[in-house]
1. Out of residues 5 or more away from Val26 or on other chains, whose amide H comes under 5 Å of its own, with H placed 1.01 Å from N in the peptide plane?
2. Sum up the charges of everything whose Cβ sits under 10 Å from the Cβ of Glu31, counting Lys and Arg as +1 and Asp and Glu as -1, but leave Glu31 out.
3. As I understand it, the dipole of region 12-74 uses +1 on the Cβ of Lys and Arg and -1 on the Cβ of Asp and Glu, about the Cα centre. Which of Ser58, Leu48, Leu20 lies farthest toward its positive end?
4. Could you tell me whether region 39-128 comes out rounded, prolate or oblate from its Cα gyration tensor? Rule is a ≥ b ≥ c as square roots of the eigenvalues, rounded for a/c under 1.5, then prolate if a/b exceeds b/c, otherwise oblate.
5. Using modelled backbone amide H atoms (1.01 Å from N, in-plane), which distant-in-sequence or interchain residues come within less than 5 Å of Phe82's amide H?
Amino acid sequence: MSEPVKRLVEAGRVVAVKRLVEAGWVLAVQEDQDGCRSARITLQDGQLYLHPLLRQPSPAHAHTLQESEVVGMLEPSCTLAFLDLGWAGSTRGQVTIRLTPDSPLARQFVLLCTGQRGHTYCNTKLLEVMNKGEPGEHVVAGDYESNDGEGGASLLPDLQEQYRESARA
């Protein structure tokens with residue numbers, strides 16, 4: 001096969017994969033001792049987004065990738081995470097956060113966004129806005145244990161107290 005023909009075939013595969021992702025037919029899956037969890041993979045503005053791993057049945061027509069393969073495609077020096085914000089049963093906005101996973105707090109943040117360790121930020125509440133309209137404005141959120149601000153167990157052993165005391169990213 002000539003080089004131009006190879007490029008056309010490859011371009012056709014890219015288009016086919018893009019259509020599958022856009023149709024919601026590509027999922028990342030992770031199996032553990034409790035069964036299988038899956039995450040949607042979506043395409044937005046030319047970027048692939050991995051949603052949190054949840055215990056949910058995968059559609060019979062879905063194409064699957066191992067979650068470790070999908071996460072392995074991410075650039076290790078910088079992670080772009082997103083949080084969909086919503087109330088009254090609908091999504092109202094999206095916050096995108098760029099972080100470098102070179103600290104335990106950043107690694108835990110990524111784990112909670114992806115659900116790789118079982119817990120996720122999915123369906124957690126924004127509990128309070130601090131310093132609203134002033135420098136250092138931030139929200140208190142992400143209590144995946146009790147969803148009332150009383151939880152806060154660390155997923156990583158080197159974060160025991162640091163996680164609870166951190167107020168800003």
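1. Ile41, His63
2. Neighbour charge sum, excluding Glu31 itself: -2.
3. Leu20
4. It comes out rounded by the Cα gyration axes.
5. Amide H to amide H, under 5 Å and 5 or more residues apart or across chains, Phe82 pairs with Ile97.
Here, each number is a calculation from the coordinates, and none is a lab measurement. Because the structure is a prediction, the values reported are computed rather than measured. In this analysis, Cβ positions are derived from the backbone assuming ideal geometry, glycine residues included, and neighbour counts consider all displayed protein chains.
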